[in-house]
Amino acid sequence: MSAPSATSPAIAVPRPGAVVALLKPITWFPPMWAYACGTVSVGAVGIDRLPYIIGGIILAGPLVCGGSQAINDWFDRHVDAINEPDRVIPSGRMPGRWGLYIALIWTALSLALGALLGTWVLVATVIGLILAWAYSMPPVRLKQNGWWGNGACGFAYESLPWMTAAAAALGALPPGPILAVALLYGLGAHGIMTINDFKAIEGDRQMGVRTLPVQLGARRAALVASLVMAVPQAIVVAILFALAMPWHAAAIAVLVLVQAVAMVRFVGNPLKYDVWFSAIGVGLYVTGMMIAAFALRAATLPTV
(Lines give C-alpha, C1' and ligand atoms only; values in the text may rest on other atoms or scores of the structure.)
Protein backbone atom coordinates (compact mmCIF):
# COMPACT_ATOMS: atom_id res chain seq x y z
CA MET A 1 0.00 0.00 0.00
CA SER A 2 1.41 3.38 -0.97
CA ALA A 3 2.03 6.06 1.62
CA PRO A 4 -0.40 9.00 1.78
CA SER A 5 0.53 11.84 -0.51
CA ALA A 6 2.29 14.74 1.14
CA THR A 7 -0.24 16.99 -0.50
CA SER A 8 -3.31 15.12 0.83
CA PRO A 9 -5.52 17.40 2.95
CA ALA A 10 -5.31 16.70 6.68
CA ILE A 11 -8.48 15.84 8.56
CA ALA A 12 -9.28 18.81 10.83
CA VAL A 13 -9.66 17.71 14.44
CA PRO A 14 -9.76 19.94 17.50
CA ARG A 15 -6.77 20.22 19.78
CA PRO A 16 -7.21 19.03 23.40
CA GLY A 17 -7.04 22.62 24.64
CA ALA A 18 -9.94 23.57 22.36
CA VAL A 19 -12.04 20.69 23.70
CA VAL A 20 -11.37 21.80 27.29
CA ALA A 21 -12.30 25.38 26.37
CA LEU A 22 -15.57 24.15 24.87
CA LEU A 23 -16.47 22.14 27.99
CA LYS A 24 -15.66 25.12 30.31
CA PRO A 25 -14.45 23.43 33.53
CA ILE A 26 -15.08 26.62 35.51
CA THR A 27 -18.83 26.04 35.09
CA TRP A 28 -18.68 22.60 36.67
CA PHE A 29 -18.52 23.95 40.24
CA PRO A 30 -22.27 24.60 40.87
CA PRO A 31 -23.49 21.08 40.00
CA MET A 32 -20.50 19.47 41.70
CA TRP A 33 -21.14 21.53 44.85
CA ALA A 34 -24.81 20.53 44.74
CA TYR A 35 -23.71 16.92 44.25
CA ALA A 36 -21.48 17.20 47.33
CA CYS A 37 -24.46 18.57 49.27
CA GLY A 38 -26.58 15.65 48.13
CA THR A 39 -23.94 13.15 49.23
CA VAL A 40 -23.61 14.80 52.64
CA SER A 41 -27.38 14.97 53.12
CA VAL A 42 -27.90 11.19 53.10
CA GLY A 43 -25.45 10.55 55.93
CA ALA A 44 -22.97 7.71 56.24
CA VAL A 45 -22.94 5.28 53.33
CA GLY A 46 -21.17 1.99 52.87
CA ILE A 47 -17.82 1.70 51.14
CA ASP A 48 -19.59 -0.24 48.41
CA ARG A 49 -21.33 2.98 47.34
CA LEU A 50 -18.06 4.93 46.95
CA PRO A 51 -17.65 4.11 43.22
CA TYR A 52 -21.21 5.36 42.66
CA ILE A 53 -20.46 8.61 44.45
CA ILE A 54 -17.24 9.21 42.48
CA GLY A 55 -18.98 8.26 39.27
CA GLY A 56 -21.76 10.70 40.06
CA ILE A 57 -19.31 13.56 40.58
CA ILE A 58 -17.87 12.88 37.14
CA LEU A 59 -21.38 12.66 35.73
CA ALA A 60 -22.58 15.93 37.26
CA GLY A 61 -19.56 18.06 36.37
CA PRO A 62 -17.39 17.00 33.42
CA LEU A 63 -20.09 15.05 31.58
CA VAL A 64 -23.57 16.57 31.94
CA CYS A 65 -22.49 20.13 32.72
CA GLY A 66 -19.58 19.99 30.29
CA GLY A 67 -21.84 18.59 27.60
CA SER A 68 -24.41 21.31 28.21
CA GLN A 69 -21.69 23.91 27.57
CA ALA A 70 -20.83 22.27 24.26
CA ILE A 71 -24.53 22.18 23.29
CA ASN A 72 -24.96 25.84 24.16
CA ASP A 73 -21.87 26.98 22.28
CA TRP A 74 -22.82 25.02 19.16
CA PHE A 75 -26.29 26.54 18.90
CA ASP A 76 -24.98 30.01 19.82
CA ARG A 77 -22.12 29.93 17.32
CA HIS A 78 -23.69 32.46 14.92
CA VAL A 79 -24.46 34.94 17.69
CA ASP A 80 -21.02 34.39 19.27
CA ALA A 81 -19.40 35.13 15.90
CA ILE A 82 -20.77 38.67 16.30
CA ASN A 83 -20.63 39.25 20.05
CA GLU A 84 -17.78 36.98 21.21
CA PRO A 85 -15.67 36.03 18.15
CA ASP A 86 -12.83 34.79 20.37
CA ARG A 87 -14.91 31.86 21.63
CA VAL A 88 -13.67 28.46 20.64
CA ILE A 89 -16.15 27.74 17.81
CA PRO A 90 -16.33 31.09 15.97
CA SER A 91 -12.57 31.55 16.33
CA GLY A 92 -11.98 28.36 14.35
CA ARG A 93 -10.19 26.52 17.15
CA MET A 94 -13.07 24.03 17.08
CA PRO A 95 -13.14 23.11 13.37
CA GLY A 96 -16.08 22.03 11.25
CA ARG A 97 -18.96 20.42 13.10
CA TRP A 98 -16.83 19.18 15.99
CA GLY A 99 -18.76 21.32 18.46
CA LEU A 100 -21.89 19.33 17.65
CA TYR A 101 -20.02 16.02 17.60
CA ILE A 102 -18.61 16.63 21.08
CA ALA A 103 -22.07 17.59 22.36
CA LEU A 104 -23.44 14.30 21.02
CA ILE A 105 -20.51 12.24 22.33
CA TRP A 106 -20.81 13.78 25.80
CA THR A 107 -24.55 13.11 25.77
CA ALA A 108 -23.93 9.44 24.99
CA LEU A 109 -21.20 9.16 27.65
CA SER A 110 -23.51 10.75 30.23
CA LEU A 111 -26.28 8.27 29.46
CA ALA A 112 -23.88 5.34 29.64
CA LEU A 113 -22.46 6.35 33.03
CA GLY A 114 -25.92 7.23 34.35
CA ALA A 115 -27.11 3.73 33.43
CA LEU A 116 -24.18 2.18 35.29
CA LEU A 117 -25.01 4.17 38.42
CA GLY A 118 -28.57 2.89 38.74
CA THR A 119 -32.13 3.52 37.66
CA TRP A 120 -32.76 6.74 39.58
CA VAL A 121 -29.45 8.23 38.49
CA LEU A 122 -30.24 7.37 34.88
CA VAL A 123 -33.65 9.02 35.19
CA ALA A 124 -32.01 12.17 36.56
CA THR A 125 -29.41 12.08 33.80
CA VAL A 126 -32.08 11.85 31.10
CA ILE A 127 -33.96 14.80 32.61
CA GLY A 128 -30.77 16.85 32.84
CA LEU A 129 -29.83 16.15 29.23
CA ILE A 130 -33.32 16.96 27.96
CA LEU A 131 -33.10 20.33 29.74
CA ALA A 132 -29.60 20.94 28.35
CA TRP A 133 -30.72 20.42 24.77
CA ALA A 134 -34.03 22.24 25.24
CA TYR A 135 -32.23 25.22 26.77
CA SER A 136 -30.19 25.89 23.64
CA MET A 137 -31.62 24.04 20.64
CA PRO A 138 -34.24 25.57 18.35
CA PRO A 139 -37.16 25.68 18.21
CA VAL A 140 -37.50 25.35 21.99
CA ARG A 141 -34.49 27.45 23.15
CA LEU A 142 -35.63 27.97 26.72
CA LYS A 143 -32.84 30.52 27.10
CA GLN A 144 -34.84 32.95 24.95
CA ASN A 145 -37.13 33.58 27.94
CA GLY A 146 -35.73 34.33 31.38
CA TRP A 147 -38.60 32.68 33.24
CA TRP A 148 -38.14 29.30 31.58
CA GLY A 149 -34.41 29.38 30.87
CA ASN A 150 -33.32 30.41 34.35
CA GLY A 151 -35.71 27.89 35.87
CA ALA A 152 -34.23 25.10 33.76
CA CYS A 153 -30.70 26.13 34.74
CA GLY A 154 -31.52 26.35 38.43
CA PHE A 155 -33.11 22.91 38.44
CA ALA A 156 -30.35 21.33 36.35
CA TYR A 157 -27.46 22.94 38.24
CA GLU A 158 -28.71 22.62 41.83
CA SER A 159 -31.77 20.38 42.35
CA LEU A 160 -30.92 17.57 39.96
CA PRO A 161 -27.29 17.01 41.06
CA TRP A 162 -28.38 17.02 44.73
CA MET A 163 -31.08 14.41 44.05
CA THR A 164 -28.74 12.39 41.85
CA ALA A 165 -26.06 12.29 44.53
CA ALA A 166 -28.51 11.17 47.18
CA ALA A 167 -29.86 8.46 44.88
CA ALA A 168 -26.35 7.31 43.93
CA ALA A 169 -25.31 7.10 47.58
CA LEU A 170 -28.45 5.29 48.71
CA GLY A 171 -29.14 3.23 45.63
CA ALA A 172 -32.79 4.29 46.00
CA LEU A 173 -35.11 7.30 45.79
CA PRO A 174 -34.07 9.76 48.55
CA PRO A 175 -36.43 10.65 51.44
CA GLY A 176 -38.97 13.41 50.95
CA PRO A 177 -37.23 16.16 52.96
CA ILE A 178 -34.06 15.75 50.86
CA LEU A 179 -36.07 16.04 47.67
CA ALA A 180 -37.92 19.09 48.99
CA VAL A 181 -34.75 20.95 50.05
CA ALA A 182 -33.03 20.11 46.75
CA LEU A 183 -36.01 21.47 44.81
CA LEU A 184 -36.11 24.64 46.91
CA TYR A 185 -32.44 25.43 46.35
CA GLY A 186 -32.90 24.84 42.62
CA LEU A 187 -35.82 27.27 42.65
CA GLY A 188 -33.76 29.87 44.47
CA ALA A 189 -31.01 29.49 41.89
CA HIS A 190 -33.45 30.98 39.36
CA GLY A 191 -32.72 34.29 41.05
CA ILE A 192 -28.97 33.71 40.84
CA MET A 193 -29.26 33.12 37.10
CA THR A 194 -31.20 36.38 36.75
CA ILE A 195 -28.38 38.31 38.43
CA ASN A 196 -26.07 37.15 35.65
CA ASP A 197 -28.38 38.71 33.05
CA PHE A 198 -27.87 42.33 34.11
CA LYS A 199 -24.50 42.61 32.39
CA ALA A 200 -25.94 42.21 28.89
CA ILE A 201 -29.34 43.93 28.90
CA GLU A 202 -28.81 45.98 25.75
CA GLY A 203 -27.27 43.13 23.80
CA ASP A 204 -30.03 40.75 24.86
CA ARG A 205 -32.69 43.28 23.89
CA GLN A 206 -31.16 43.69 20.44
CA MET A 207 -30.87 39.91 19.94
CA GLY A 208 -34.44 39.26 21.12
CA VAL A 209 -33.41 37.37 24.27
CA ARG A 210 -36.16 38.02 26.81
CA THR A 211 -34.26 37.90 30.08
CA LEU A 212 -36.06 39.22 33.15
CA PRO A 213 -34.13 42.52 33.10
CA VAL A 214 -35.28 42.95 29.49
CA GLN A 215 -38.89 42.02 30.27
CA LEU A 216 -39.31 43.79 33.61
CA GLY A 217 -36.67 46.50 33.65
CA ALA A 218 -33.60 46.48 35.86
CA ARG A 219 -35.11 47.39 39.26
CA ARG A 220 -38.17 45.15 39.04
CA ALA A 221 -36.04 42.25 37.81
CA ALA A 222 -33.64 42.80 40.72
CA LEU A 223 -36.55 42.71 43.16
CA VAL A 224 -37.90 39.49 41.61
CA ALA A 225 -34.44 37.89 41.66
CA SER A 226 -33.99 38.80 45.32
CA LEU A 227 -37.38 37.42 46.34
CA VAL A 228 -36.87 34.24 44.32
CA MET A 229 -33.58 33.69 46.15
CA ALA A 230 -34.89 34.54 49.62
CA VAL A 231 -38.27 32.80 49.81
CA PRO A 232 -37.06 29.23 49.12
CA GLN A 233 -34.32 29.65 51.73
CA ALA A 234 -36.91 30.80 54.25
CA ILE A 235 -38.92 27.65 53.52
CA VAL A 236 -35.77 25.55 54.04
CA VAL A 237 -35.38 27.21 57.45
CA ALA A 238 -38.96 26.23 58.31
CA ILE A 239 -38.36 22.63 57.18
CA LEU A 240 -35.26 22.33 59.36
CA PHE A 241 -37.13 23.68 62.39
CA ALA A 242 -39.83 21.08 61.71
CA LEU A 243 -37.14 18.39 61.61
CA ALA A 244 -35.87 19.52 65.05
CA MET A 245 -32.67 21.03 63.64
CA PRO A 246 -32.95 24.53 65.21
CA TRP A 247 -29.25 25.45 65.19
CA HIS A 248 -28.83 24.63 61.52
CA ALA A 249 -32.06 26.49 60.77
CA ALA A 250 -30.89 29.53 62.74
CA ALA A 251 -27.53 29.56 60.91
CA ILE A 252 -29.26 29.61 57.52
CA ALA A 253 -31.66 32.29 58.76
CA VAL A 254 -28.69 34.51 59.64
CA LEU A 255 -27.24 33.97 56.15
CA VAL A 256 -30.60 34.94 54.62
CA LEU A 257 -30.73 38.11 56.73
CA VAL A 258 -27.26 39.14 55.57
CA GLN A 259 -28.33 38.48 51.99
CA ALA A 260 -31.42 40.62 52.58
CA VAL A 261 -29.26 43.58 53.64
CA ALA A 262 -27.20 43.18 50.47
CA MET A 263 -30.40 42.82 48.41
CA VAL A 264 -31.55 46.29 49.48
CA ARG A 265 -28.43 47.81 47.97
CA PHE A 266 -28.68 45.64 44.86
CA VAL A 267 -32.33 46.54 44.18
CA GLY A 268 -31.51 50.22 44.68
CA ASN A 269 -29.00 50.18 41.81
CA PRO A 270 -28.86 46.78 40.11
CA LEU A 271 -26.71 47.87 37.18
CA LYS A 272 -24.02 49.09 39.56
CA TYR A 273 -24.18 46.36 42.20
CA ASP A 274 -25.03 43.20 40.24
CA VAL A 275 -21.48 41.80 40.29
CA TRP A 276 -21.01 42.86 43.92
CA PHE A 277 -24.25 41.20 45.00
CA SER A 278 -23.47 38.07 43.00
CA ALA A 279 -20.18 37.65 44.85
CA ILE A 280 -21.75 38.16 48.28
CA GLY A 281 -25.20 36.66 47.80
CA VAL A 282 -24.15 33.52 45.93
CA GLY A 283 -21.40 32.77 48.44
CA LEU A 284 -23.87 32.96 51.32
CA TYR A 285 -26.44 30.97 49.36
CA VAL A 286 -24.17 27.99 48.66
CA THR A 287 -22.91 28.07 52.25
CA GLY A 288 -26.50 27.64 53.37
CA MET A 289 -26.88 24.70 51.02
CA MET A 290 -24.12 22.78 52.77
CA ILE A 291 -25.46 23.68 56.23
CA ALA A 292 -28.84 22.32 55.14
CA ALA A 293 -27.16 19.15 53.89
CA PHE A 294 -25.54 18.53 57.27
CA ALA A 295 -28.87 19.21 58.98
CA LEU A 296 -30.58 16.60 56.82
CA ARG A 297 -27.74 14.19 57.55
CA ALA A 298 -28.30 14.57 61.29
CA ALA A 299 -32.09 14.49 61.19
CA THR A 300 -34.28 11.41 61.25
CA LEU A 301 -35.95 11.66 57.89
CA PRO A 302 -39.34 10.23 56.95
CA THR A 303 -39.28 8.34 53.68
CA VAL A 304 -41.23 9.37 50.59
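The values are calculated or read from the model by the stated rules, or taken from the named source; none is laboratory data. Remember, it's a predicted structure, so these values are computed and weren't measured experimentally. Quick reminder, even Gly has a Cβ in these numbers, built from the backbone with ideal geometry, and neighbours come from all protein chains shown.
Could you go through the stretch 253-261 and let me know if any residue there is under 18 Å from the mean Cα position of the chain (by Cα), surrounded by fewer than 23 Cβ atoms within 10 Å (Cβ to Cβ) and not assigned by TED's automatic domain parsing to the domain that holds PRO31.
The answer is no, given that none of the residues of the stretch 253-261 is under 18 Å from the mean Cα position of the chain (by Cα), surrounded by fewer than 23 Cβ atoms within 10 Å (Cβ to Cβ) and not assigned by TED's automatic domain parsing to the domain that holds PRO31.
Among the residues that make up the stretch 47-57, is at least one of them part of a loop (DSSP other than H, G, I, E, B), at pLDDT below 90 and of a type in the set (Ser, Thr, Tyr)?
Within the stretch 47-57, none of the residues are part of a loop (DSSP other than H, G, I, E, B), at pLDDT below 90 and of a type in the set (Ser, Thr, Tyr).
Which members of the stretch 72-102 meet the condition of being closer than 16 Å to THR27 by Cβ and of a type in the set (Asp, Glu)?
Once the filter is applied, which keeps residues that are closer than 16 Å to THR27 by Cβ and of a type in the set (Asp, Glu), the stretch 72-102 yields ASP73, ASP76, ASP80, GLU84.
Can VAL64 be described as farther than 25 Å from THR164 by Cα and either assigned by TED's automatic domain parsing to the domain that holds ILE201 or assigned to a helix (DSSP H, G or I) (or both)?
Criteria not met by VAL64.
Can you name every residue in the stretch 21-46 that is aliphatic (A, V, I, L, M) and part of a helix (DSSP H, G or I)?
Answer for the stretch 21-46, where residues must be aliphatic (A, V, I, L, M) and part of a helix (DSSP H, G or I): ALA21, LEU22, LEU23, ILE26, MET32, ALA34, ALA36, VAL40.
When you look at LEU160, is it within 30 Å of ARG220 (Cα to Cα) and not small (Gly, Ala, Ser), yes or no?
The answer is yes for LEU160.
Residues to consider are LEU142, LEU187; find the one that is under 13 Å from the mean Cα position of the chain (by Cα), of a type outside the set (Val, Ile, Thr), crowded, with 17+ Cβ neighbours inside 10 Å and within 30 Å of GLY283 (Cα to Cα).
Going through LEU142, LEU187 in turn, the sole match is LEU187.
What pairs come up if the first residue lies in the stretch 91-113 and is in contact (Cβ under 8 Å) with a residue 24 or more places away in the chain and surrounded by fewer than 18 Cβ atoms within 10 Å (Cβ to Cβ), the second is β-branched (Val, Ile, Thr) and not in a helix (DSSP H, G or I), and their beta carbons are under 8 Å apart, counting only those six or more places apart or on different chains?
PRO95/VAL13
Among the candidates LEU50, LEU100, LEU116, single out the residue that is under 22 Å from the mean Cα position of the chain (by Cα) and in the same structural domain as PHE29 (by TED's automatic domain parsing).
Going through LEU50, LEU100, LEU116 in turn, just one is under 22 Å from the mean Cα position of the chain (by Cα) and in the same structural domain as PHE29 (by TED's automatic domain parsing): LEU100.
Read through the list (1) under 19 Å from the mean Cα position of the chain (by Cα); (2) surrounded by fewer than 19 Cβ atoms within 10 Å (Cβ to Cβ), then give the number of the only condition that ASP197 fails.
(2)
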